[in-house]
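Written out below as structure tokens is the structure these notes cover.
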Amino acid sequence: MKHYRGIRKKLTTYIDQFLDTGETVENIRDIWYKFKGDIEYLKNMPDDKWDTYVNRLIGEYLYELFLDGDVTIYSRLNVITKGLSNDAHTYNTPIVLFSEKPTRSTDSLSEALLCGIYSSTGQIPSFESVNIAQYLNRTAKHNKAYLIAITDFDPSGESIFHSLALKVKTDLGLINPDIEFTAIPVLFGSGYDDIVSHYPTYTLSSHKQNKINQAWIKKGQTLGVELNVVENKAELLESAILRSVAPEVVEELSRHRWKKKKEEEMLSSDERYRKLHEQLRQRIDDIKDEVEAMETAFDAKWSIPIDVDGVKDMTREK
């Protein structure tokens, strides 16, 4: 655990006090709102910078608590994930597809593979990597889990992948150290020269302060390829999965698909199911008719009358 001092130490005290209440929130920012007025006396910077500072500190502190052993902190808070989707099937594979930019390819593949999909632009919050790790722990029936990522082919995309992979590996190791985790970056070709010769490129910024670009440029790699210009994303992702995912994981998915298909075939030809389904539909229609036939009377007035004049004063004539 980091040793916080000064204002940061005082702010973490407010965070701890909120955590002790046992309340839930939808996002990290909601925690700030719980004591926003109480910490005004600590503000020593403009509002916009204070906003960013406090919320970043809350995110960092919660993740520190997680890394320090409180692995259920995010589930207790009930923080809602905005990035992870397609993860609520009755059956899921222990695979998360990560795309730096929204793409239909990952959507269609995740449906076919019954796996999770994570899309994010910009910085990835710590609780999102924990959500990914929790999903993989929940679905890793053979103690094998995979993060398969497709990003821009440039220093930034490379950095995003490595950062996310490292965080998920750390988080998953805390939640369940028995799971074998594999992170796979999807490349658009066999190497730099092959990739930049097959796709439209752009020139990397050579500004000295852009340190992640400098490492590439020193190796003579001055070009990048945006994910948007790659048309065969689905094929590249599928190829990475076929090469990397353990046979037992694929076999279980195949078995699940076979069972679902067989159930559908049997239900479609089952006379008893057909009759029960018709009876259910008829009963629903009968109930709707009964409700429609009921005589009702409503007092169509607002419980609190609208202040028409007050509303008029709040608007401007155009």
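The values are calculated or read from the model by the stated rules, or taken from the named source; none is laboratory data. Computed from a predicted model, the values in this text were never measured in an experiment. Note that each Cβ is placed from the backbone with ideal geometry, even for glycine, and that neighbours are counted across all protein chains shown. What goes into the accessible areas is simple: the full protein's heavy atoms, side chains included, and nothing from ligands, DNA or RNA. Shrake-Rupley method; radii C 1.70, N 1.55, O 1.52, S 1.80 Å.
Separation of the range 44-76 and the range 218-232, taken as the distance between their Cα centroids, equals 34 angstrom.
The peptide list 67-75, 232-240, 151-159, put in order of mean Cβ contacts within 10 Å with the highest first, becomes 151-159, 232-240, 67-75. Karplus-derived 3J(HN,Hα) values for the range 181-192, using 6.51 cos²θ - 1.76 cosθ + 1.60 with θ = phi - 60°, are 9, 10, 10, 10, x, 8, 9, 8, x, 8, x, 4 Hz; glycine and proline are entered as x.
Karplus-based coupling profile of the range 12-26, in residue order and whole Hz: 5, 5, 5, 5, 4, 4, 5, 4, 5, 6, x, 5, 10, 9, 8, with θ = phi - 60° in 6.51 cos²θ - 1.76 cosθ + 1.60 and x standing for Gly or Pro.
Keeping every protein chain in place, order D194, D171, D38 by accessible area at 1.4 Å, biggest value first, i.e. largest first. Don't skip to the end; give the middle numbers.
On the way: D194 50, D171 0, D38 90 Å².
Ranked from most to least accessible, the order is D38, D194, D171.
The amide H of A183, built 1.01 Å from its N in the peptide plane, has L147 as neighbours under 5 Å, considering only residues 5 or more places off or on other chains.
So with the 1.4 Å probe, I'd like the accessible area per residue for the range 1-91, rounded to whole Å².
Value for the range 1-91: 59 Å² per residue.
Only one of the values (1) 19.5; (2) 20.2; (3) 24.3 was calculated from this structure for Kirkwood radius over Cα pairs in Å; name its label. Computed from the coordinates, Kirkwood radius over Cα pairs in Å corresponds to (3). Residues whose amide H falls under 5 Å from that of F98, counting only those 5 or more places apart or on a different chain, are Y118, I148, A149, I150, with hydrogens built in the peptide plane.
Here the chain has 51 percent of its accessible surface on carbon and sulfur atoms, given a 1.4 Å probe and all protein chains in place. Along the range 268-281 the Karplus relation, 6.51 cos²θ - 1.76 cosθ + 1.60 evaluated at θ = phi - 60°, assigns HN-Hα couplings of 5, 10, 8, 5, 4, 4, 4, 5, 4, 5, 5, 4, 5, 4 Hz to successive residues, with x for each Gly and Pro.
In the context of the full set of protein chains, residues of the range 126-285 present 60 Å² of accessible surface per residue (probe radius 1.4 Å, heavy atoms only). Within straight-line reach of K288, meaning a Cα separation under 21 Å, sit the following lysines at least 8 residues removed in sequence or on another chain: K275. For the listed residue pairs K169/K211; K208/K233; K10/K101; K82/K169; K49/K211, the alpha carbons are over 28 angstrom apart in K208/K233; K10/K101.
Farthest towards the positive end of the charge dipole of the chain, among the residues A215, T24, F66, is the Cα of A215, using unit charges on the Cβ of Lys, Arg, Asp and Glu. Considering Cα pairs under 8 angstrom that are at least six residues apart, work out the relative contact order of the chain and quote it in whole percent. Once normalised by length, the contact order is 13 percent.
Skipping prolines and chain starts, which residues have an amide H placed within reach, meaning under 5 Å, of the one on K144, given they are 5 or more residues away or on another chain? Those qualifying (amide H under 5 Å, at least 5 residues apart or on another chain) are E180.
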